[in-house]
Amino acid sequence: MLRVLTYNVRRCLGADGRLAPERIAAVIAACRPDVVALQELDVGRARSGGIDQATVIAGHLGMRSHFHPAMRVSDELYGDAILTALPSRLVRAKALPGHDGCEPRGALWAAVVAGGTEVQVVTTHLGLGRAERRAQAEALLGPDFLGDPACRDPVVLLGDFNALPGSGVHRRLAARLPDAHGARAWTRPTFPARLPLLRIDHVFVSRSVAVRAVRTVGGTLARVASDHLPLVADLDLAPAQAARLHAARISVPREEPA
């Protein structure tokens with residue numbers, strides 16, 4: 001089983017006005033995930049004390065961080081990260097299309113090895129405008145990310161999509177990678193954390209991956225740590241592993257008898 005978690009941490013600024021990366025790390029640690037996707041991280045920004053939030057949180061969790069700055073102002077960075085203690089490598093990190101005056105957005109793709117299987121993990125944080133999100137979703141489906149031949153099963157796409165279940169962007173992405181919630185896509189809202197009403201954070205998985213469970217993380221600490229609740233999915237890679245083994249077997253030519 002592979003447990004993945006996506007969490008918009010709002011630069012580790014809690015509802016109480018306190019900047020606390022260690023609190024974010026505590027919320028995550030209680031879930032015991034294997035792979036963590038984080039959005040809205042500050043790295044070297046004066047407003048957050050100049051720290052590298054991705055590295056600090058990863059350190060608390062005993063993980064390694066792959067960070068992509070969606071926005072850069074001089075030496076100050078702001079963006080998204082994939083954290084894991086499993087063997088991993090950063091495949092690609094790029095900006096996504098945006099509109100003038102809108103906050104820059106990006107995506108990053110890491111290959112993570114779990115149980116001998118390489119899983120392609122892509123995370124992103126889409127924009128607030130409908131047209132902006134559509135363009136960004138098409139970029140995710142294009143040759144730089146999900147459309148790359150190297151982005152082969154099993155695949156996990158997760159993050160803050162700023163899109164409700166059933167919206168155009170959600171349907172477009174789910175046509176390529178089904179929502180881990182399946183038919184219950186409206187359940188388990190993630191935003192706002194104090195009184196969650198909307199689910200704008202999602203986990204999409206390739207059809208070769210079996211979903212065991214999906215849940216949001218509640219409790220007092222999670223409701224104050226950020227303005228989003230984390231979303232956790234337990235994934236069974238056994239079907240994907242079996243499919244790969246079968247493909248490997250039939251690709252080996254058999255020797256003809258003499």
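The values are calculated or read from the model by the stated rules, or taken from the named source; none is laboratory data. Quick caveat: nothing in here was measured; it's all calculated off a predicted structure. Neighbour counts are summed over all protein chains in view; Cβ atoms, including those assigned to glycine, are modelled from backbone coordinates with ideal geometry. All accessible areas refer to the heavy atoms of the entire protein, side chains included, with ligands and DNA or RNA removed. Shrake-Rupley method; radii C 1.70, N 1.55, O 1.52, S 1.80 Å.
Rounded to the nearest angstrom and ordered from largest down, what semi-axes does the equivalent ellipsoid of the chain get from its C-alpha gyration tensor (root of 5λ)?
They are 31, 20, 19 Å, listed largest first.
What distance in nm lies between label points placed 7 Å from Cα along the C-beta direction at ARG207 and ASP75?
Between ARG207 and ASP75, the label points sit 5.1 nm apart.
Hey, got the dipole for the range 24-115? About the Cα centre, +1 on K and R Cβ, -1 on D and E Cβ, debye to the nearest 20?
Details: 9 positive and 9 negative charges, 60 e Å.
I would put it at about 280 debye.
Can you work out the Karplus-derived ³J(HN,Hα) for every residue in the range 130-143? Use 6.51 cos²θ - 1.76 cosθ + 1.60 with θ = phi - 60°, whole Hz, and x for glycine or proline.
Residue by residue, the range 130-143 yields 4, 5, 4, 5, 4, 5, 5, 5, 5, 5, 5, 7, x, x Hz.
With Cβ to Cβ distances under 10 Å as the rule, what net charge do the other residues near VAL155 carry (K, R +1; D, E -1)? Walk me through the numbers on the way to the answer.
Numbers: positive: ARG152, ARG176, ARG207; negative: ASP153.
Summing Lys/Arg as +1 and Asp/Glu as -1 gives +2.
With N set to the residue count of the range 1-86, report its C-alpha Rg divided by 2.2 N^0.38 Å to two decimal places.
On the way: Rg = 12.2 Å, N = 86, 2.2 N^0.38 = 12.0 Å.
It is 1.02.
Determine the distance separating the Cα centre of the range 26-54 from the Cα centre of the range 170-227; give it in Å without decimals.
Measuring centre to centre over Cα atoms gives 19 Å.
Jot down the radius of gyration and Dmax of the range 57-161, Cα atoms only, both in angstrom.
Considering the range 57-161 through its Cα atoms, Rg and Dmax are 14.1, 44 Å.
For every helix of n ≥ 4 consecutive DSSP H residues, a contribution of -39,500 (n - 2.57) applies; sum these over the chain, divide by its total residues, and give [θ] at 222 nm rounded to the nearest 500 deg cm²/dmol.
-6500 deg cm²/dmol
Towards the positive end of the charge dipole of the chain, with charges on Cβ (+1 Lys, Arg; -1 Asp, Glu), say which of LEU195, HIS66, GLY168 has the farthest Cα.
Checking the options against the dipole of the chain, the answer is LEU195.
Please list, ordered by chain and number, the residues whose modelled amide H lies under 5 Å from the amide H of ASN8; skip anything fewer than 5 residues away on the same chain.
When sequence neighbours closer than 5 places are left aside, the close amide H contacts are GLN39.
Along the charge dipole of the range 2-251, which of THR6, HIS99, ILE82 sits closest to the positive end, that is, farthest toward it, with unit charges on the beta carbon of Lys, Arg, Asp and Glu (+1, +1, -1, -1)?
THR6
Select from ASP80, ASP52, ASP179 the residue whose mean-square fluctuation is largest in a Gaussian network model of the chain (Cα-Cα springs shorter than 10 Å).
Of ASP80, ASP52, ASP179, the most mobile in the Gaussian network model is ASP52.
If you put +1 on each Lys and Arg Cβ and -1 on each Asp and Glu Cβ, how big is the dipole of the chain around its Cα centre, in Debye rounded to 20?
That gives a dipole near 580 debye.
What does the charge count near ARG11 come to, summing +1 for each Lys or Arg and -1 for each Asp or Glu among other residues with Cβ under 10 Å from its Cβ?
Combined, the nearby Lys, Arg, Asp and Glu give +1.
Around SER65, with a cut-off of 14 angstrom between Cβ atoms, what is the net charge of the other residues, counting Lys and Arg +1 and Asp and Glu -1?
-1
Can you give me the % of accessible surface on the chain that is carbon or sulfur? Probe 1.4 Å, all protein chains present, nothing else counted.
54
Spelling out what I want: for every residue of the range 113-128, take phi, set θ = phi - 60°, compute 6.51 cos²θ - 1.76 cosθ + 1.60 (Karplus), and round to whole Hz; glycine and proline get x.
9, 10, x, x, 10, 8, 9, 8, 10, 10, 10, 7, 9, 7, x, 8
Using a probe radius of 1.4 Å on heavy atoms only, what accessible surface per residue do you get for the range 2-251? Whole Å² is fine. Mind showing how you got there, number by number?
Numbers: 10370 Å² over 250 residues.
Accessible area per residue: 41 Å².
Amide H to amide H, which residues 5 or more places from HIS228 or on other chains are under 5 Å from it, using H placed in the peptide plane?
ALA193
In whole Hz, with x marking every Gly and Pro, tabulate ³J(HN,Hα) for the range 205-218 from phi via Karplus 6.51 cos²θ - 1.76 cosθ + 1.60, θ = phi - 60°.
Karplus values, whole Hz, x for Gly and Pro: 9, 5, 5, 7, 9, 8, 9, 7, 7, 9, 8, 8, 9, x.
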